[in-house]
Amino acid sequence: MMTTEENDLLCRVEGDAPMGQLMRRHWIPACLSEEVVEPDGKPVRVRLLGEDLVVFRDTDGRLGVLDEYCPHRRASLVYGRNEECGLRCLYHGWKFDVEGNVLEMTSEPPESGFTQKVKHKAYPAHEHGGFIWTHMGPPETMRPFEPPAFAPTADTQVSILKVQVHANWAQITEGQIDSAHSSSLHSSDMVPARVDSAKATNQNWLRPSTDRAPRYQSERTSYGFRYAAIRRPILNANTHDYIRTTVYVAPFTSLIPPNNIHNVTTVLAPRDDENTYFYFIAWNGPDKQGVTTEEWRKFNHTQVGIDLDHEYRNRRTRENDYEQNRDAMKLGNFTGVKGIPNQDIAMWESMGPISDRTKERVGASDSAVVEFRRLMVEAARQMRAGGPTIGTTEPHIPHVRIASFEGVVPKTVDWRTLGAAEEAAPTAKQERVA
């Protein structure tokens, strides 16, 4: 059980909140590359960490991330003209480049010199892995952009779905690192089968275990933590374990155990205290063929124009009970909700915008969630005290060398060696949490 103070430290990201300040020291996804493909195209409204921003691609293809509101009279730049290497406010014609410099003030006399006296708020932008990333912290805290684990190279096939979720970032992250819930919530989509490892089909994902109560072990790292969910496999249960390792790369990324077709990752971008951009990612690898973006979104029932509107808002909402089909439930579907992400979203949003963790009764199956909370509350307190930011300390492990794992292995195998052979030796305590 958490205290109210701990819950606020974990969840609040706006203004001077320590967690939000921590997040500002990392590159955060602002939007999808596909939202700003066209030079001089339509600007995109984005909200991050309680700030309203506008993202645009200028005539030369450069990316800008600016305060949404014009510094003149605070009209929205989302409606501005994107032309001739700048974004022009419709109200009085002030024009800004991607760095926030004022290029023109058509409403001001040239001799006033006012153009040189105004600088609009702008954040750095970097494009990689299907995202436009930005850094919202003090300039002196900005480190060079590092390719994430899901896009180690520019030609990695990355398929991303995006949904706006009316829930705090922490309860979504807890869903990503909670291996136990998949055996219940997703049981109609993640089906036990006599296979040697997780398999993906067009209809569902197969897994080699019927065990609903895994044992957990975790290990802290310099970037966050890893944990293993250890289950009895269907085959060779006396001599083997079914291991699923999940990796949390603070503060935004969770590497989910893969299947035979693609790797799986989630990335979060908190819009504010109560809302989050949720990105669910399938990506290929040396031994995985991957899946196309449209196949990925169709499988997960998150297609824009069908399941989502063009602002990535879900048509399945709390108000319409997420279009839950009770007749399908009677026929054997566990949730009656289509799509793995939609099942999760129904649970996250049903907790309220910020879950009251002071009223919870957590058990052994929540040990990874408890470890996440301890880790990030400590990190927020460290940030508040002026200490180093989690994920920025040495020894640094390149994100492209971090990986999750799933598979049936002999009981003699140490799970810490699985999926992380290229990582450095553990840099923090190893802790059994269940």
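The values are calculated or read from the model by the stated rules, or taken from the named source; none is laboratory data. Because the structure is a prediction, the values reported are computed rather than measured. Don't worry about glycine lacking a Cβ; one is built from the backbone with ideal geometry, like all the others, and counts go over all protein chains shown. Side chains included, ligands, DNA and RNA excluded: accessible areas come from the protein's heavy atoms. Shrake-Rupley method; radii C 1.70, N 1.55, O 1.52, S 1.80 Å.
The table below gives the values:
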item: Region 239-375, relative contact order in percent, only Cα pairs under 8 angstrom and at least six apart counted; result: 13
item: Additional length obtainable on full extension of the chain from THR358 to THR3, 0.36 nm per residue less Cα span; result: 127.2 nm
item: MRE, 222 nm, helices only [DSSP H, n ≥ 4, -39500 (n - 2.57), over the chain, to nearest 500]; result: -4000 deg cm²/dmol
item: Value of relative contact order over region 1-158, rounded to a whole percent, pairs C-alpha under 8 Å and six or more apart; result: 20
item: Positive-pole candidate from PRO139, PHE150, HIS181, dipole of the chain, charges at beta carbon; result: HIS181
item: Accessible surface of region 130-272, 1.4 Å probe, proportion on carbon and sulfur as whole %; result: 51
item: Segments 364-372, 400-408, 187-195 sorted - mean Cβ within 10 Å per residue, highest first; result: 364-372, 400-408, 187-195
item: Protection proxy ranking of 87-97, 101-111 - average other beta-carbon atoms within 10 Å, highest first; result: 87-97, 101-111
item: Dipole-positive endmost among PHE225, ASN238, THR210 within region 173-244 (Cβ charges, Cα centre); result: ASN238
item: Residue with peak Gaussian network fluctuation, the chain [Cα springs, cutoff 10 Å], from ASP327, ASP196, ASP273; result: ASP327
item: Percent RCO, i.e. relative contact order, over the chain, from Cα pairs under 8 Å lying at least 6 residues apart; result: 19
item: Selection from LEU63, TRP27, LEU87, by position along the positive dipole direction of region 19-160 (Cβ); result: TRP27
item: Rounded to 5, the percent of DSSP beta bridges in the chain classed as antiparallel; result: 95
item: Highest-first arrangement of 221-228, 284-291, 331-338, where packing means the average Cβ count within 10 Å; result: 221-228, 331-338, 284-291
item: Stokes-Einstein D (µm²/s) once Rh is taken as the Kirkwood radius of the chain over alpha-carbon pairs, at 4 °C in 1.567 mPa s; result: 57
item: Descending Cα extents along the principal axes, region 282-434, whole Å; result: 50, 43, 36
item: Partnerless cysteines, meaning none of the other Cys C-beta atoms lie under 4.7 Å away, in the chain; result: CYS11, CYS31, CYS85
item: Proximal lysines to LYS117, defined as alpha-carbon separation beneath 23 angstrom and excluding residues fewer than eight positions away on the same chain; result: LYS95
item: Partners for LYS288 among aspartates and glutamates (Cα-Cα distance below 20 Å; same-chain residues under 8 apart left out); result: ASP155, ASP196, GLU406, GLU422
